[in-house]
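J.: Dropping a structure here in structure tokens format, bear with me for questions.
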Amino acid sequence: MEMSDLSINKLQTIIYNLGEEKSDRACAVLGFATLDALVERVLRAWLHPNIPEELFEGSGALSTSIAKIDMAYSLGLISENERRDLHLLRKIRNEFAHAFDHDLVFSTPAISNRLSALSLPALLETNPAFRSSDPRYRFYLSVGILSTVLSDLRLRGATHRAIPDEIRAT
């Protein structure tokens with residue numbers, strides 16, 4: 001089953017279960033795959049309802065994570081900080097997915113430096129309940145924040161689309 005076919009409830013369950021993943025590699029790959037699927041759902045909710053499927057498949061214009069993130073930003077759907085954090089998380093996912101180093105973990109300097117550069121967790125870290133020096137927790141917190149933002153955007157897009165064109169144009 002493709003990630004884009006999963007229900008929102010399934011995506012939320014995956015995010016909830018990230019904390020239960022035994023390996024950092026599985027957490028990174030699954031966490032970003034979930035965000036990638038949500039970005040695609042946001043785009044589908046806001047773009048024309050008859051958008052060609054080919055745009056999201058194979059070598060289509062929106063078939064890559066980079067293209068989807070940048071399109072969401074270009075349409076004004078996500079902020080610069082959200083765009084930046086999504087790209088950092090994408091790079092972290094790529095490190096884990098393509099590295100031959102099976103000892104790679106969130107505390108590895110190359111990974112923890114990217115995690116430290118994430119801007120969205122700082123929004124919650126002012127509250128002591130969300131502060132942690134654990135790089136895995138920072139990854140988990142980032143995925144949670146972004147999944148919440150993206151889920152809300154998808155719902156607002158679906159609501160926007162439900163408004164008849166003649167009313168929307170006024």
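The values are calculated or read from the model by the stated rules, or taken from the named source; none is laboratory data. Computed from a prediction, not measured in an experiment: that's the story for all the values here. Neighbour counts run over all protein chains shown; Cβ positions are idealised from the backbone, glycine included. For the accessible areas, the whole protein counts, side chains as well, though only heavy atoms, and no ligand, DNA or RNA atoms are used. Shrake-Rupley method; radii C 1.70, N 1.55, O 1.52, S 1.80 Å.
J.: Among the listed residues Glu95, Glu166, which satisfies the condition of being modelled with pLDDT of 85 or more and either out of contact with any Asp or Glu (no Cβ under 7 Å at 6 or more places or on another chain) or in a helix (DSSP H, G or I) (or both)? Working first, answer last.
T.: Values: Glu166 fails: modelled with pLDDT of 85 or more.
Checking each option against the conditions leaves just Glu95.
J.: Follow-up. Which one is farthest from Leu155 (Cα to Cα) among residues in region 48-92 that are surrounded by 13 or more Cβ atoms within 10 Å (Cβ to Cβ) and among the acidic types (Asp, Glu)?
T.: Residue satisfying both the conditions and the ranking: Asp85.
J.: Given (1) at pLDDT 90 or above; (2) of a type outside the set (Val, Ile, Thr); (3) part of a loop (DSSP other than H, G, I, E, B); (4) open to solvent by 30 Å² or more (accessible area, probe 1.4 Å), identify the lone condition not met by Asp101.
T.: Answer for Asp101: the failing condition is (1).
J.: Which one is modelled with the lowest pLDDT, of the residues in region 131-153 that are open to solvent by 70 Å² or more (accessible area, probe 1.4 Å) and more than 25 Å from Glu40 (Cβ to Cβ)?
T.: Step one: list which residues in region 131-153 are open to solvent by 70 Å² or more (accessible area, probe 1.4 Å), which gives 131, 133-134, 140, 148, 152.
Those still in the list that are more than 25 Å from Glu40 (Cβ to Cβ) too: 131, 133-134.
Details: Arg131: 75, Ser133: 81, Asp134: 85.
Across region 131-153, the extreme among qualifying residues is Arg131.
J.: Still on this structure: Mind listing just one residue for me: the one in region 1-47 that is open to solvent by 70 Å² or more (accessible area, probe 1.4 Å) and outside any helix (DSSP H, G or I) and, of those, modelled with the lowest pLDDT?
T.: Within region 1-47, the subset open to solvent by 70 Å² or more (accessible area, probe 1.4 Å) is 1-2, 5, 9-10, 12, 16, 20, 22, 46.
Of the ones still in play, those that are also outside any helix (DSSP H, G or I) are 1-2, 22.
Values: Met1: 28, Glu2: 36, Lys22: 76.
The selected residue is Met1.
J.: Among the residues of region 39-96, write down those that are among the polar types (S, T, N, Q) and under 18 Å from Ser151 (Cβ atoms). Spell out how you get there, then give the answer.
T.: Within region 39-96, the first condition is being among the polar types (S, T, N, Q), and the residues that meet it are 50, 59, 63-65, 74, 79, 81, 94.
Ser65, Ser79, Asn81 - these are the residues of region 39-96 that are among the polar types (S, T, N, Q) and under 18 Å from Ser151 (Cβ atoms).
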